[in-house]
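The structure under discussion appears below in the form of structure tokens.
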Amino acid sequence: MAIIIASTMSDSGKSTVTTAIVKLLGLTPMKIQNMSLNSFPTMDGGEIAFIQAYQAFAKGIEPERYMNPILLKPSGKGIEVIYFGTPIGIYSAEEYYNKIEELWWKIKDYIRRDVIIESAGGIEPNFIDKDLTLVRLVKEFNLPVILVLDIDRGGAFTSAYGAYLTLPESIRKNLKGFIINKFRGEERLLYPAVKWLEEKTGMRYLGYLPYFDEPPIMQEDSMNIFEFGEGDIEVGIIAYPYMSNFNEFYAFSKSNAHVRFIKKPSQLSKVDLIIIPGSRNTFESLVWLTEKGFIEYIRKKPVLGVCGGFQLMGKRLIDTYGYESGSIKEHEGLGIFDIEIRYDKEKIISRSWSDIKVNGYEIRRGKIKYLDEKPLLTITKRGYKEVNVYDGAMKGDKLGYSIHGSLFSDGGKKLLYELYGIKVNTKSLEEEIKDQSEKLANIFKRYINMDLLNQINT
């Protein structure tokens with residue numbers, strides 16, 4: 001039987017629990033609706049949330065569009081809606097919710113016995129009638145639900161009881177169990193509260209996961225940004241609004257670098273390398289960089305710009321149709337590279353390979369026009385198709401290109417070492433995910449009642 005992993009709040013550990021169960025029970029990951037700026041391409045050019053791709057790789061299968069039928073990406077002027085991997089437009093919240101019934105009919109065909117469905121961030125009374133990620137699933141498919149409770153923030157048991165009471169009575173019986181996440185201390189101290197919640201709700205206690213100083217899997221939520229790495233080279237990633245695909249930089253966790261996410265220019269004074277990451281709204285991000293006073297540091301220090309970060313380093317950004325910024329506009333870029341960026345209606349969504357082995361994936365509307373600048377590389381393959389597309393640029397200690405995830409590739413590691421002396425020791429992205437998920441699965445088995453979990457899943 002399919003099973004739902006839900007919670008009372010965002011960043012509670014649903015993705016961690018789902019990944020472990022995918023690995024241990026061989027279920028297929030799915031999240032009906034995910035709001036995230038961290039995404040990943042399927043091989044056929046569909047865009048889904050990164051964490052569902054991560055969970056697919058953890059199982060040892062290719063990510064597919066149906067694993068995240070609805071991906072929502074805040075853009076500043078609304079929400080970009082990606083439906084089964086294809087962008088269908090930018091909507092207001094009201095417009096999106098008016099389309100829910102239309103979107104649901106195709107989604108329901110993919111609810112199978114072998115899927116584990118990660119729910120949305122919380123259970124809120126004002127969204128009960130619009131919720132596709134828990135309420136609708138239980139009503140139509142009678143699926144069992146496990147709650148993940150973040151005890152580190154406090155109020156875990158009372159929030160669980162509140163969620164139970166908030167749900168319609170017809171659905172409460174489907175709440176079969178709960179897992180305590182981020183626990184520090186002796187388990188016996190939980191027992192009075194565990195007994196209280198079991199008696200109040202009928203849910204069964206499945207066990208707990210301990211608190212980790214660093215999350216056991218690559219995170220997708222901007223709430224999770226933290227400093228990491230123990231090397232001597234200081235790397236500062238600028239955490240501007242609409243920062244996207246920042247989890248690609250966790251490759252630095254196996255390197256001679258120490259990484260921090262930066263929100264104030266003064267934090268860059270001792271940084272050896274500045275990274276300008278991807279952005280869902282490059283125009284808003286550029287204005288933010290200017291207003292906050294980052295530009296002086298960017299001009300003076302070594303810089304790596306990836307995708308949107310690379311685009312910001314050009315001379316001019318032109319949003320011909322308003323798909324990037326929400327309105328038709330032009331803006332002067334940083335002028336580091338002699339290139340012009342035009343944002344097209346069509347979005348490039350692909351797993352990508354280049355002639356210098358800077359490999360990874362592209363998710364962008366920005367098309368690069370070279371004025372008086374030499375391309376760094378040629379993209380030779382996108383998904384299953386052979387292509388010949390110039391990309392990237394390098395000038396002194398300034399480097400930029402459009403390919404995300406390159407630090408897991410040989411060419412990306414080589415550039416980073418030759419230009420900045422940073423030695424990244426990761427395997428490929430897929431191999432790193434496999435290793436992480438295996439370690440997580442072993443931890444999960446140690447602390448969770450697998451027999452009870454299997455009973456719920458039958």
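Dipole of the range 293-360, Cα-centred, from +1 at each Lys and Arg C-beta and -1 at each Asp and Glu C-beta, to the nearest 20 debye? Show your work: numbers first, answer last.
Working: 11 positive and 10 negative charges, 51 e Å.
Dipole magnitude for the range 293-360 comes out near 240 debye.
Quick one: what are the phi-derived ³J(HN,Hα) couplings along the range 141-148, Karplus 6.51/-1.76/1.60 with θ = phi - 60°, whole Hz, x for glycine and proline?
Per-residue couplings from phi come out as 10, 6, 8, x, 10, 10, 8, 9 Hz.
Give the accessible surface of the chain per residue, rounded to a whole number of Å², with probe radius 1.4 Å and ligands, DNA and RNA excluded.
Working: 18520 Å² over 458 residues.
Using a 1.4 Å probe on heavy atoms only, each residue of the chain averages 40 Å².
Which far-off residues, 5 or more places away or on another chain, put their amide H under 5 Å from the one on Gly400, with H placed in the peptide plane?
So Gly400 has HN proximity to Gly305, Ala393.
Order these peptides, 10-22, 287-299, 183-195, by their mean beta-carbon neighbour count within 10 angstrom, highest first. Intermediate results must be reported in sequence, preceding the final value.
Numbers: 10-22: 24.7, 287-299: 15.3, 183-195: 12.5.
Ranked by mean Cβ neighbours within 10 Å, highest first: 10-22, 287-299, 183-195.
Give me the percent of the accessible area of the chain that comes from carbon and sulfur atoms, probe 1.4 Å, all protein chains in place.
Details: 8750 of 18520 Å².
Using a 1.4 Å probe with all protein chains present, the chain comes out at 47 percent carbon and sulfur.
Let's see if you can work this out: charge +1 on each Lys and Arg Cβ, -1 on each Asp and Glu Cβ, no other charges. What is the dipole magnitude of the range 346-412 about its Cα centre, in debye to the nearest 20?
Computed charge dipole of the range 346-412: roughly 260 debye.
Over the chain, what relative contact order in percent results from Cα pairs under 8 Å that are six or more residues apart? Display every interim value, and only then the final one.
Working: 1025 pairs, mean separation 70.4, N = 458.
Worked out over the chain, it gives 15 percent.
Tell me, what HN-Hα J-couplings in whole Hz come from the Karplus equation 6.51 cos²θ - 1.76 cosθ + 1.60 at θ = phi - 60° for each residue of the range 404-415, using x for Gly and Pro?
3J(HN,Hα) across the range 404-415, in whole Hz: 6, x, 5, 6, 8, 10, 4, x, x, 5, 5, 4.
Amide H to amide H under 5 Å from Asn181: which residues, 5+ apart in sequence or cross-chain, H placed 1.01 Å off N in plane?
Result for Asn181 returns Leu149, Asp150, Ile151, Leu209.
Longer than 30 Å from Cα to Cα, which of Lys301/Lys439; Lys367/Lys414; Lys385/Lys427; Lys73/Lys139 are they? Say none if no pair is.
Lys301/Lys439
For every other residue with a beta carbon closer than 14 angstrom to the beta carbon of Ala160, add +1 if it is Lys or Arg and -1 if Asp or Glu, then tell me the sum.
On the way: positive: Lys14, Arg153, Arg172, Lys176, Lys195, Lys200, Arg204; negative: Asp150, Glu198, Glu199.
Here the count lands on +4.
In terms of solvent-accessible area of protein heavy atoms at a 1.4 angstrom probe, what is the ranking of Ser352, Ser266, highest value first?
Accessible-area ranking of Ser352, Ser266, largest first: Ser266, Ser352.
Net charge near Asn359, counting Lys/Arg +1 and Asp/Glu -1 over other residues with Cβ under 13 Å of its Cβ?
Values: positive: Arg351, Lys357, Lys381, Arg382, Lys413, Lys414; negative: Glu248, Asp355, Glu362, Asp391, Asp410, Glu430.
Once all neighbours under 13 Å are counted, the net charge is 0.
How many nm separate the modelled label positions at Thr158 and Lys254, each set 7 Å beyond the Cα in the direction of the Cβ?
In this crude spin-label approximation the distance works out to 4.4 nm.
Helix-only mean residue ellipticity at 222 nm, the chain, DSSP H runs n ≥ 4 weighted -39,500 (n - 2.57), per residue, nearest 500. What is it?
-8000 deg cm²/dmol
Taking amide H positions as placed 1.01 Å from N in the peptide plane, with prolines and chain starts having none, which residues 5 or more places from Ile348, or on another chain, fall under 5 Å of its amide H?
Placed amide hydrogens put Arg364, Arg365 under 5 Å from Ile348.
Using the Cα centre of the range 202-307 as origin and beta-carbon charges of +1 (Lys, Arg) and -1 (Asp, Glu), tell me which of Leu273, Ser255, Val287 is placed farthest towards the positive end of the dipole.
Toward the positive end, the furthest listed residue is Val287.
Pop out the ³J(HN,Hα) list for the range 321-333 in order, Karplus 6.51 cos²θ - 1.76 cosθ + 1.60 with θ = phi - 60°, rounded to Hz; leave Gly and Pro as x.
10, x, 6, 7, 9, x, 7, 6, 7, 10, 8, 5, x
Just name one of Gly122, Leu147, Asn442: the one whose Cα is farthest towards the positive end of the charge dipole of the chain (beta-carbon charges, Lys/Arg +1, Asp/Glu -1).
Asn442
Taking a ≥ b ≥ c as the square roots of the Cα gyration tensor eigenvalues, with a/c under 1.5 meaning rounded and otherwise prolate when a/b beats b/c, else oblate, which class fits the chain?
Here the chain falls in the prolate category.
Assuming 0.36 nm per residue, please report the length gained on full extension of the stretch Tyr384 to Ser327 beyond their Cα-Cα distance.
Working: separation 57, 0.36 × 57 = 20.52 nm, distance 3.34 nm.
Result for the pair: 17.2 nm of gain on full extension.
The values are calculated or read from the model by the stated rules, or taken from the named source; none is laboratory data. On a predicted model such as this, the values are computed, not experimentally measured, just so you know. Cβ: placed from backbone, ideal geometry, glycine included. Neighbour counts: every protein chain shown. Remember, those area values only see protein heavy atoms, side chains included, never the ligands or the DNA or RNA. Shrake-Rupley method; radii C 1.70, N 1.55, O 1.52, S 1.80 Å.
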